[in-house]
1. Looking at the range 102-119, which of its residues are at pLDDT 75 or above and either in contact with a helix residue (DSSP H, G or I) (Cβ under 9 Å, 6 or more places away or on another chain) or surrounded by fewer than 10 Cβ atoms within 10 Å (Cβ to Cβ) (or both)?
2. Before we move on, is Cys28 more than 27 Å from the chain's Cα centre (by Cα), at pLDDT 90 or above and surrounded by 15 or more Cβ atoms within 10 Å (Cβ to Cβ)?
3. Just name the residue that is farthest from the chain's Cα centre (by Cα) out of those in the range 34-81 that are assigned to a loop (DSSP other than H, G, I, E, B) and surrounded by 10 or more Cβ atoms within 10 Å (Cβ to Cβ).
Amino acid sequence: MQDGSIHTVNLAQRHCDCGHFQVERLPCRHVLACCANQRLDWQIYVHDVYKMSEICKVYRGEFVLMGDPSTWAPYEGAKVIANWTLRRATKGRPKSTRYLNEMDSRDMRRPRRCTICGREGHSQSRCPQRAGPSSAGDQS
C-alpha cells in the first residue's frame, strides 16, 4: 500500500488481514489493490446480499396493506415504559468514542499544570487563586 502497510490477502478464501473483507463481505482497499494488480474483476468478490438481483427478490413479494388504524384490534400486550436513566445526555460536551491506548495514560504525559498560578497538580477550575486572594483564607 502507499502508506507502507503490508496486508496479506487470500482471494480464494476471501480473507484479508485488515478484517474488513470478512466482516463487511465487501472488497476492502487491499482486495481492490490485488485485483487491480492481477487484472481481476473485483465485482466477483462482492457478497450476493449486496447485488441488485437479491435486493429485487425482496420486493417481488406482495406487501399487505395495514388498513385503517381504527379497525385494528386493541393491543393487549405489555406496556413499554421508557427508562429515563438510559436517555442520552443532550447538554455538555459529547463523550469521546475514541479507543484509548498506552499513550493516553496520565503517566506518559506531563503532569497537569494550572494556567492561573502555574503550579502542578490541579487545573484552573480547582485553583485556590481562582476566586481571588480575599477568599483564599487571607486574614488581615
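The values are calculated or read from the model by the stated rules, or taken from the named source; none is laboratory data. This one's a predicted model, so the numbers in the text were calculated from it and none came from an experiment. Here Cβ is always computed from backbone atoms with ideal geometry, including for glycine, and neighbour counts include all displayed protein chains.
1. Just the residues of the range 102-119 that are at pLDDT 75 or above, to begin with: 112-119.
Across the range 102-119, the qualifying residues are Cys114, Thr115, Ile116, Cys117, Gly118.
2. Numbers: more than 27 Å from the chain's Cα centre (by Cα): no; at pLDDT 90 or above: yes; surrounded by 15 or more Cβ atoms within 10 Å (Cβ to Cβ): yes.
No, not satisfied.
3. Going through the range 34-81, the residues assigned to a loop (DSSP other than H, G, I, E, B) turn out to be 39-41, 46-47, 51, 61-68, 72-81.
Now drop any that are not surrounded by 10 or more Cβ atoms within 10 Å (Cβ to Cβ), which leaves 40, 46-47, 51.
Values: Leu40: 33, Val46: 24, His47: 24, Lys51: 26 Å.
Checked the range 34-81; the qualifying residue farthest from the chain's Cα centre (by Cα) is Leu40.
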